[in-house]
Amino acid sequence: MLACIVVFLLATATGTVIWVRNSNRLRFRERGWSLFILIIGTAFIMAQILRIPVSNPADWIAAIFSPVYKPIIKWIEKEV
């Protein structure tokens with residue numbers, strides 16, 4: 001549990017630095033994406049600490065792109 005608190009505090013400190021640094025430079029879109037990636041990374045780390053089973057992100061990418069690349073592979077194999 002202490003590890004979760006430490007990770008949360010470090011993520012909060014990092015998010016504050018990102019917020020202030022990008023607000024001063026008027027980079028609002030970069031600030032938003034940076035914080036979004038930070039939140040996702042923090043969630044994955046918390047899941048690992050709490051031993052919550054999370055599948056590999058490579059499996060997610062394969063599941064998303066499999067309907068796209070299977071017809072392309074069949075089309076290429078038919079051409080060759």
task = Within the range 1-44, count every residue that is within 15 Å of the chain's Cα centre (by Cα) and among the polar types (S, T, N, Q).
result = 2
ask   = Is there a residue being exposed (fewer than 11 other Cβ atoms within 10 Å of the Cβ), at pLDDT below 90, of a type in the set (A, V, I, L, M) and out of contact with any Gly (no Cβ under 9 Å at 6 or more places or on another chain) anywhere in the range 38-51?
value = no
task = Report the residue count in the range 21-80 for those that are assigned to a helix (DSSP H, G or I), within 26 Å of V7 (Cβ to Cβ) and β-branched (V, I, T).
result = 7
message = Condition (residue is open to solvent by less than 100 Å² (accessible area, probe 1.4 Å), of a type in the set (S, T, Y) and touching a helix residue (DSSP H, G or I) at 6+ places or on another chain (Cβ under 7 Å)) applied to the range 63-72: is it met by at least one residue?
response = no
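The values are calculated or read from the model by the stated rules, or taken from the named source; none is laboratory data. Small disclaimer: the values here were computed from a predicted structure and weren't measured. A quick note on method: Cβ atoms are made from the backbone with ideal geometry, for glycine too, and the neighbour counts reach across all protein chains shown. Areas reflect the complete protein model, heavy atoms only, side chains present, ligands, DNA and RNA absent. Shrake-Rupley method; radii C 1.70, N 1.55, O 1.52, S 1.80 Å.
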